[in-house]
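The values are calculated or read from the model by the stated rules, or taken from the named source; none is laboratory data. Since we're looking at a predicted model, the values are computed, not measured. Glycine gets a Cβ as well: all are built from the backbone with ideal geometry, and neighbour counts include every protein chain shown.
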Amino acid sequence: MANDIEKLVYQLVFDKSEKAEKEIRKRARVQGIKSGSSQRLYEARVRNEWSGFTVPAINIRTLTFDTARAVFRQVIKKRIGAFIFELARSEIDYTNQPMSEYVPVVMAAGIKEGFKGYLFFQGDHFQAKAEKFFNPQKKDEEIEALKKLIKDSRNSGVYNIDIDGSTLVRLEEKDLESQQKYNCQLTAELTSYIRKLEPEGITISVGGEVGEIGGRNSTSEDIQVFMEGYNRKLSKFGVRPGLIKIAVQTGATHGGIVGPGGEIIKADIDFEALKNLSSEARKYGMAGAVQHGASTLPEEYFDRFPETGAVEIHLATAFQNIVLDSSYFPEDLKKKIINFLNRELIFEKKPEQTEEQFIYKTRKKALGPFKKEIFSIPQKNKDKISEELEEKFSLLFQRLGVSNTSGLIEKLYQ
């Protein structure tokens, strides 16, 4: 049955074939693949029914089918049940992967590798653009755009949504309550909207974000003020439950910190702060804190995250880097991408950036325009790249402690 799955993926991605999407989803159901919410898993953490691992949330920006296959091979081998596939609002745009495509493509990879069980798809950083939100003429339009994104995602089988109002935090305000005011307001409004969209029998898991990733480190006081303000706002909407997790800033940066030669500089993660923030989050009935911007961190860091009680960790750029930097990625295509960046996105180059820093930071924006060419890389090359990705997934899954979690998922979701 899986022999022609690649054809269906191609038809879905490039011909926008609804027939192909329906066929993939039908085969997924027959094989026992279901789309679920992490709410039950995280509620069990609130009840102290499990600990000792941090759930990896994987963003696949390119070579989605082949990368997801690498994930599934490790998931099956290590009997992993606690893992998430996600895309951020910005990634959906610059990779040209709507959730209506991303979800069935990942399912197709699961079909190909013989996976059975629950898949957790997540909208990551469903984020308000501050320049629009604080513009009276554009605010309503921006909120409606977020609601449409949430509804489209839900209709695609995405039952986990991370609302990111951290861009609305006003650090110039003197008191924390004023700083977090708009974050509380939008997060509560969108939580209420999400609750009205829930399919029968499913509680969509909702996450919030207290501090913008790459900004100043979050504090326990930030969580306290945000959660108290959020809960007050949410009570006015008359809906429950509220947030089940909260993203914090502890020293990471999306994409990593890049040196002049394009090398990744070691980030200084405050693990003690992450531990305290997770503990604070649990006082408000949440499963713990969420770590963003982590995939480019040193490998020895990853076994420390479960020790902090961090419930979830978001991983993206390292997988993109493995694909684009692989010796099996065609050189002529690499040159085309660099030429495209220097021609079309040179206005984004900051005066202090070297050429290498500029290319590293902007090349993700070439993934949409070069989607078909990357997809069309010879399969033997893609297989080799997939092997390199699988090595990385194996290491991360091992260190994050998620091996042998499939039994827990089976128990919670029976």
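Within the range 354-373, residues that are in a helix (DSSP H, G or I) sit with their Cβ atoms under 6 Å from residues that are surrounded by fewer than 18 Cβ atoms within 10 Å (Cβ to Cβ) and hydroxyl-bearing (Ser, Thr, Tyr), at 6+ positions apart or across chains, in these pairs: Lys365/Tyr94.
Among Gln122, Gln97, which is the only one that is in a loop (DSSP other than H, G, I, E, B) and either within 10 Å of the chain's Cα centre (by Cα) or at pLDDT 95 or above (or both)?
Working: Gln122 fails: in a loop (DSSP other than H, G, I, E, B).
After applying the criteria, what remains is Gln97.
Here is the figure for the range 379-414: residues that are small (Gly, Ala, Ser) and surrounded by fewer than 15 Cβ atoms within 10 Å (Cβ to Cβ) total 1.
Matching residues to (1) surrounded by fewer than 23 Cβ atoms within 10 Å (Cβ to Cβ); (2) in a loop (DSSP other than H, G, I, E, B):
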position	(1), (2)
Trp50	yes, yes
Ala70	no, no
Lys77	yes, no
Leu87	no, no
Asp93	yes, no
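State yes or no: is Arg29 within 30 Å of Leu243 (Cα to Cα), touching a residue at least 24 places away in the same chain (Cβ under 8 Å) and not small (Gly, Ala, Ser)? Reasoning before the result, please.
Numbers: within 30 Å of Leu243 (Cα to Cα): yes; touching a residue at least 24 places away in the same chain (Cβ under 8 Å): no; not small (Gly, Ala, Ser): yes.
No: the conditions fail for Arg29.
On inspection, Ile143 passes the criterion of being in a helix (DSSP H, G or I), touching an Asp or Glu at 6+ places or on another chain (Cβ under 8 Å), touching a residue at least 40 places away in the same chain (Cβ under 8 Å) and under 24 Å from Ser192 (Cβ atoms). Flag: Asn342 does not match the condition of being part of a helix (DSSP H, G or I), of a type outside the set (A, V, I, L, M, F, W, C) and under 17 Å from Ser386 (Cβ atoms). Determine if the range 58-79 includes at least one residue that is out of contact with any helix residue (DSSP H, G or I) (no Cβ under 9 Å at 6 or more places or on another chain) and farther than 25 Å from Pro369 by Cβ. No, the range 58-79 contains no residue that is out of contact with any helix residue (DSSP H, G or I) (no Cβ under 9 Å at 6 or more places or on another chain) and farther than 25 Å from Pro369 by Cβ.
For the range 187-222, a residue qualifies if it is closer than 26 Å to Lys147 by Cβ, touching a residue at least 60 places away in the same chain (Cβ under 8 Å) and in a helix (DSSP H, G or I), and exactly one does: Leu190. Can you confirm whether Leu176 is buried (at least 16 other Cβ atoms within 10 Å of the Cβ), within 26 Å of Ala57 (Cβ to Cβ) and either of a type in the set (A, V, I, L, M) or out of contact with any Ser or Thr (no Cβ under 9 Å at 6 or more places or on another chain) (or both)? No: the conditions fail for Leu176.
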